[in-house]
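> Dropping a structure here in structure tokens format, bear with me for questions.
The values are calculated or read from the model by the stated rules, or taken from the named source; none is laboratory data. All figures in this text were calculated on a predicted structure; none of them were measured in a lab. Methodologically, a virtual Cβ is constructed for each residue, glycine included, from the backbone with ideal geometry; neighbour enumeration extends over all protein chains shown. Ligands, DNA and RNA are stripped out before the accessible areas are found, and what is left, the full protein with its side chains, is counted by its heavy atoms. Shrake-Rupley method; radii C 1.70, N 1.55, O 1.52, S 1.80 Å.
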Amino acid sequence: MKLYKYSVDIFSRLLHIRRPYNRQDIKVGNPFPIYSNSILIQKIDVRPFSINRLAFLIATYQRVNNCKLSFSLFSNVNQLLFNEVVSAELLVDNSFYFLNLPDDFNYKGELYIVISSPDATSSNCVALWTEMDVGGSALYECQNIRKDIIDLKFLLNRSLKYPSLILKMSISQQKFSNTLRSYLRDFWRPSLNPIVTIHLALVGFDQSQIKLLLQLKNSYDLKVSSLKFDELESFFECQAILIPVETDLILARSLGKIARRRKIPLILVDTRNNSMNRKISDDWLSFADGFLGLEIFYSSRLPSGLLTNGLHTAVEEIFNKYQIRRSPKVSIITILSGKSDQLRYVIKSYFNQTYEGDIEVIYIDDCFGNTESIIHEEFSRYAIDGQMPKLTYRIIKNERNLGNCASRNRGIASSTGDIIVIIDADCIINSQFIAAHVDAHSYLDCEVVIGPCNIETNGVPPLQKLAEIESKAGVALAESDLQDKIYLDSFLNCITRNFSIKKKSIVEDLFDLDFSYSLSSDSGFGWEDVEMGYRLYKRGLGIKFTEDAFSIHISHTSSVPEIEKPKRSIRNFRKLFLKHPELRDIARRWATKTLNALNDWSYKVDPLHDENTDLLWLKNLFFGTHRITDQINIQHKKLRVLTYRWHVPHQYELYKSGHDFFLVKGLGTPLCENWQYEHRPLPTNAHFINIEDVNELNFDLALLHFDENVLNHENTNGKIGPEWGATFRHFVEKVNLPKVAVCHGTPQFHGQYTPNYDKPDLMAVIEPARLRLVEYVKNIEIICNSYQAQREWGFFKSRVIWHGFDPAEFLPSTYTKGILSPQGPLVNSRPHYRGFYIYQQVFSTDFPKEFSPETLNVPDPDIEYIDNIFAVAKYKNYIDQIRQYSVYFNPTLRSPMPRARCEPMMCGIVTVNTNNHDVDLFIKNGINGFYSNEPDELREQLVYLMRNPVVIRKMGEQSRKTAIDIFNHDRYLAEWSMVFKSFA
């Protein structure tokens, strides 16, 4: 192991001792300030995996500090492994700062992070956010220690311990670095045998609550221990942890981590029918395993029970559901279609599964030939060898050929599993396939799991091909041929070569019989799984993609004549859009590309393909859309783009263009140093690069991002410093590559950052600042987000590209909540920009209280998720929260085409807007939304909508239709493709 030693002594940086200060205000979830007379020490246990990334959540108090902060990593034998000193000017408020660990940093075991500052004061300091200590990583603080004391053990012995605190960190270990989408847990599975005596830990309940719970104790086989929160760490005798539903959310998530480590359920208990707590019930899914109350709590995902049935009965019910969730029975549904040559390999892959729970294989014999003897022979052979005794099979025989859809529905109906896997009989699966599906389902955030598929053997022996792909991480995804390669969780990827669903989520026939493929010459071919996936998407079911499960199709000669296959496929493709006409726009990028492929395929095998009535109908349906999507599908040169992180949601969409983007760090702008996983996942074609590693010869162009403040920070009332534009200025002045830039702002104006500004020039553009920036970028083409912004700026060379979104990511609204409107520090810091005063006027005292607006609360994903897995789930939670609302009020005045206005429209929410930045080009008053600049009129529109839910749904439908058409990311990507084409 290579150690990183430095001559600088971390402790010698401390200044002379100052007076002690009071830390009693440091509580769980509060920031812990770092001053010059203190040292923070925390143990980090990274066993058994090596650490490769470490970050801390920073608070800067929304000010610019220039103190120094030192981070050092020590081994448990007092050996300095790493040291970094960073200026607070580079730190971003409420964002993670990632230590610049060397690429080959590799250490297993106990680490100690030591954090100090040589010059921080109460007015010039930063803080680190804290969370609940779940054991083994306590936070220590040394105050007033002589600077010549460098012994770690000595410092720990003389430190003040905070038993309930640890620093809020993001730790990445090599376990998680092999794959983008991995949800595999450890191999522990709970026993499904009933527990005779259940021992409960009641944590944090007051005496009245404990008394009530003991009164509800209805069995002598129930043992109860009452504990305080800080006593749980040393208590190991329970089979379940119960906490009050009103427990602080940060603390509850920390207790959830304790339960996860001990592999026991955490159950929330509501003894007071506190409906206010249930408003945050979406947060519970990230850490809880069940809910108990005096009234039933309806949740499609979180198991619940009634305390009135008795505490033992209620807990036992939750406990049983917890066991089943972690060790469910799995049913594999597969159709026998005469593929006897492949069956032996497929069955072998079934018996190689690592999953230790029950698996049943249900074969449906659809009258294609007798393969029963092969199945019996293979299962008998492995049973004799003593392998996989929990793997069983059944064969269901159809009396006549029913087709694949009817056969699958029949197999599902007869299944007894908790999770249903549907897969073709000529597909072998990797050894973790079932375990990966089970573990992905075990988190309370999805109903459907999919993964890489359509990998062909192409003449390679099946088991050899399987071994090759299993041995290399990431190969399965690279070789798979997905319907949607951009959005992996898309309903388009619900393909029955790698698909599973919770059986309780099946409320109708999963497959439409109209799409069945059978021996009849009248039957169509294919697309039944896409149709099924789209119906699941419309129901709002969660779809999760995992790379840990993949299948390989054993290539073979088709039983269908080649000239018939495109005809039948086109036949079913037409049925797909006859049944779901709106799919034409929702999946426009995919649909037009697929239609082109079907047309080419048909042309190759059938000279008379132009006379195919189904094909002609489809071409007419998609007439006009090709001008949009063809620009995406044309294979241009893949560019290497030098850029930097700026507006994460915008860049997330832009990177779907498929080029490689290299994000430069180290140029002095804190915003550019890290990705914001809280906002969007980091695309796989985005790579951070240090400025010293940049060789311009390796890149094709530079893509710049900027706003109105990059040159004139002095007009921001002290909110922004000169470092804000440092990276942008470096790119303009020192990067010698062809350039294109995206402008994310509008010209600076008087009062922009001054809430109480009352001078006559309020809202007037600061013309010298505008002219300076326009002149500065006169040789660069600028992409503006709105036509109004383009007019206001007056750049020498510019074009407008409106935002784009993938409709598959935006599920339809449920209309279960009322008005959503933004509020918070972002709005209050720029009230004239964000329309805060219009907001106040609209929702004045005479606005009906029952219609009062809400702000968005986006719950964190599961407590085990990190990095991109966290980001994928967080983004889904964001959309899922938006789509619960009926109306979105957008008071913004100066934001160029706010994304927060477009995203609700994508879900079918009615937007009420101030009249700015192109809103009049796509909103028709009273048809698909409203706009006005008069507070009274805006208030009237909001009240009207809330009193007419039928109108909301009707207008919401038009709102979604408008957004899916004009904000569809196929149009967005096509327009950007034209930009990039000029650099190819």
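> Which ones in segment 66-90 are buried (at least 16 other Cβ atoms within 10 Å of the Cβ), under 15 Å from SER116 (Cβ atoms) and not β-branched (Val, Ile, Thr)?
CYS67, LYS68, LEU69, SER70, PHE71, SER72, LEU73, PHE74, LEU80, PHE82, ASN83, ALA88 - these are the residues of segment 66-90 that are buried (at least 16 other Cβ atoms within 10 Å of the Cβ), under 15 Å from SER116 (Cβ atoms) and not β-branched (Val, Ile, Thr).
> Here's a follow-up. Which condition number in (1) in contact with a Gly (Cβ under 9 Å, 6 or more places away or on another chain); (2) over 20 Å from ILE495 (Cβ atoms) is the one that PRO461 fails?
The failed condition is (1).
> Could you count how many residues in segment 488-515 are under 18 Å from LYS544 (Cα atoms), part of a loop (DSSP other than H, G, I, E, B), out of contact with any Lys or Arg (no Cβ under 8 Å at 6 or more places or on another chain) and open to solvent by 10 Å² or more (accessible area, probe 1.4 Å)?
The qualifying residues number 3.
> Another question, then. Got a sec? Which of GLN752, GLN788 is in a loop (DSSP other than H, G, I, E, B) and surrounded by 13 or more Cβ atoms within 10 Å (Cβ to Cβ)?
GLN752
> Go through segment 755-785 residue by residue and tally those that are surrounded by fewer than 16 Cβ atoms within 10 Å (Cβ to Cβ) and within 30 Å of TYR972 (Cβ to Cβ).
Here the count works out to 3.
> Test of understanding: among GLU692, GLU733, GLU723, GLU708, which residue is open to solvent by 10 Å² or more (accessible area, probe 1.4 Å), in contact (Cβ under 8 Å) with a residue 60 or more places away in the chain and either more than 30 Å from the chain's Cα centre (by Cα) or assigned by the TED database to the domain that holds PHE796 (or both)?
GLU723
> In segment 328-350, what count of residues is obtained for those that are open to solvent by 10 Å² or more (accessible area, probe 1.4 Å) and either at pLDDT 90 or above or among the polar types (S, T, N, Q) (or both)?
Count: 8.
> So which residues in segment 224-251 are in a helix (DSSP H, G or I) and open to solvent by 70 Å² or more (accessible area, probe 1.4 Å), if there are any at all?
Result: ASP230, GLU231, GLU233, SER234.
> Here are some residues: ILE543, ILE552. Which one is crowded, with 21+ Cβ neighbours inside 10 Å, over 29 Å from PRO812 (Cα atoms) and touching a strand residue (DSSP E or B) at 6+ places or on another chain (Cβ under 7 Å)?
Answer to the check: ILE552.
> Shifting gears a bit: Output yes when any residue across segment 791-805 is touching a Pro at 6+ places or on another chain (Cβ under 8 Å), open to solvent by 10 Å² or more (accessible area, probe 1.4 Å), under 22 Å from PRO904 (Cα atoms) and not assigned by the TED database to the domain that holds VAL887, and no when none is.
Within segment 791-805, none of the residues are touching a Pro at 6+ places or on another chain (Cβ under 8 Å), open to solvent by 10 Å² or more (accessible area, probe 1.4 Å), under 22 Å from PRO904 (Cα atoms) and not assigned by the TED database to the domain that holds VAL887.
> Restricting to segment 464-487, and then to whatever is without any contact (Cβ under 8 Å) to a residue 40 or more places away in the chain and in a loop (DSSP other than H, G, I, E, B), can you tell me which residue is surrounded by the most Cβ atoms within 10 Å (Cβ to Cβ)?
LEU482
> Next question, about the same structure. Within segment 663-694, how many residues are among the aliphatic types (A, V, I, L, M) and touching a His at 6+ places or on another chain (Cβ under 9 Å)?
4
> Here is a follow-up. With respect to LEU202, is the statement that it is modelled with pLDDT of 85 or more, crowded, with 17+ Cβ neighbours inside 10 Å, over 32 Å from the mean Cα position of the chain (by Cα) and in a strand (DSSP E or B) true?
Spelling it out, LEU202 is indeed modelled with pLDDT of 85 or more, crowded, with 17+ Cβ neighbours inside 10 Å, over 32 Å from the mean Cα position of the chain (by Cα) and in a strand (DSSP E or B).
> With the checklist (1) at pLDDT 60 or above; (2) assigned to a loop (DSSP other than H, G, I, E, B); (3) within 31 Å of the chain's Cα centre (by Cα) in hand, flag the one item SER172 doesn't pass.
If we test SER172 against (1) at pLDDT 60 or above; (2) assigned to a loop (DSSP other than H, G, I, E, B); (3) within 31 Å of the chain's Cα centre (by Cα), just (2) comes out false.
> Follow-up question, since we're still on this one. Which of the numbered conditions does TYR298 fail, given that it passes all the others? Conditions: (1) modelled with pLDDT of 90 or more; (2) under 27 Å from the mean Cα position of the chain (by Cα).
Condition not satisfied by TYR298: (1).
> Ok, one more. Tell me, yes or no, whether segment 528-539 has at least one residue that is under 26 Å from ARG400 (Cα atoms), touching a residue at least 12 places away in the same chain (Cβ under 8 Å) and outside any helix (DSSP H, G or I).
no
Every residue, every condition in (1) out of contact with any strand residue (DSSP E or B) (no Cβ under 7 Å at 6 or more places or on another chain); (2) farther than 13 Å from GLY533 by Cβ, yes or no:
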position	(1), (2)
ALA467	yes, yes
ALA478	yes, yes
GLN483	yes, no
ILE486	yes, yes
SER490	yes, no
LYS502	no, yes
GLU508	yes, yes
ASP512	yes, no
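> I'm trying to understand the selection: among the residues of segment 843-872, which are modelled with pLDDT under 95 and among the β-branched types (Val, Ile, Thr)?
The answer is THR845, THR855, VAL858, ILE863, ILE866, ILE869.
> Between a first residue in segment 303-332 that is closer than 17 Å to CYS238 by Cα and a second residue that is open to solvent by less than 20 Å² (accessible area, probe 1.4 Å) and in a helix (DSSP H, G or I), which pairs have beta carbons less than 8 Å apart while being 6 or more apart in sequence or on different chains?
Filtered contacts from segment 303-332: LEU311/LEU213; ALA314/LEU307.
> Filter segment 297-324 for residues that are among the aliphatic types (A, V, I, L, M) and either open to solvent by 60 Å² or more (accessible area, probe 1.4 Å) or more than 16 Å from LEU444 (Cβ to Cβ) (or both) and give the result.
Answer for segment 297-324, where residues must be among the aliphatic types (A, V, I, L, M) and either open to solvent by 60 Å² or more (accessible area, probe 1.4 Å) or more than 16 Å from LEU444 (Cβ to Cβ) (or both): LEU306, LEU307, LEU311, ALA314, VAL315, ILE324.
> When you scan segment 398-421, do you find a residue that is under 22 Å from PRO303 (Cβ atoms), in contact with a Lys or Arg (Cβ under 7 Å, 6 or more places away or on another chain), modelled with pLDDT of 95 or more and open to solvent by 40 Å² or more (accessible area, probe 1.4 Å), even just one?
Yes: one or more hits.
> Of everything in segment 835-880 that's within 10 Å of the chain's Cα centre (by Cα) and among the polar types (S, T, N, Q), which residue is nearest to ASP248 (Cα to Cα)?
The residue in question is ASN877.
Listed here are the residues, each with its yes/no results for (1) at pLDDT below 95; (2) open to solvent by less than 70 Å² (accessible area, probe 1.4 Å).
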| position | (1), (2) |
| --- | --- |
| MET946 | no, yes |
| ARG953 | no, no |
| ALA963 | no, yes |
| PHE967 | no, yes |
| SER977 | yes, yes |
| LYS981 | yes, no |
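> Something else: Looking for whichever is within 35 Å of the chain's Cα centre (by Cα) and outside the structural domain of LYS656 (by the TED database) here; the options are PRO812, PRO747. Which one fits?
One residue alone meets the criteria, PRO812.
> Using the structure shown, decide if ILE428 is open to solvent by less than 10 Å² (accessible area, probe 1.4 Å) and farther than 22 Å from ILE495 by Cβ.
Against the criterion (open to solvent by less than 10 Å² (accessible area, probe 1.4 Å) and farther than 22 Å from ILE495 by Cβ), ILE428 does not qualify.
Condition check ((1) open to solvent by 30 Å² or more (accessible area, probe 1.4 Å); (2) free of Cβ contacts under 8 Å to residues at least 12 places away in the same chain; (3) of a type in the set (Lys, Arg); (4) in the same structural domain as GLU653 (by the TED database)) across all residues:
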position: ASN857; (1), (2), (3), (4): yes, no, no, no
position: GLU864; (1), (2), (3), (4): yes, no, no, no
position: ILE879; (1), (2), (3), (4): no, no, no, no
position: PRO891; (1), (2), (3), (4): no, no, no, no
position: ARG901; (1), (2), (3), (4): no, no, yes, no
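> Show me the helices (runs of 4 or more DSSP H) found entirely inside segment 885-984 where at least 1 residues are of a type in the set (Phe, Trp, Tyr).
Because the criterion is at least 1 residues that are of a type in the set (Phe, Trp, Tyr), the helices (runs of 4 or more DSSP H) in segment 885-984 that meet it are 935-946, 969-981.
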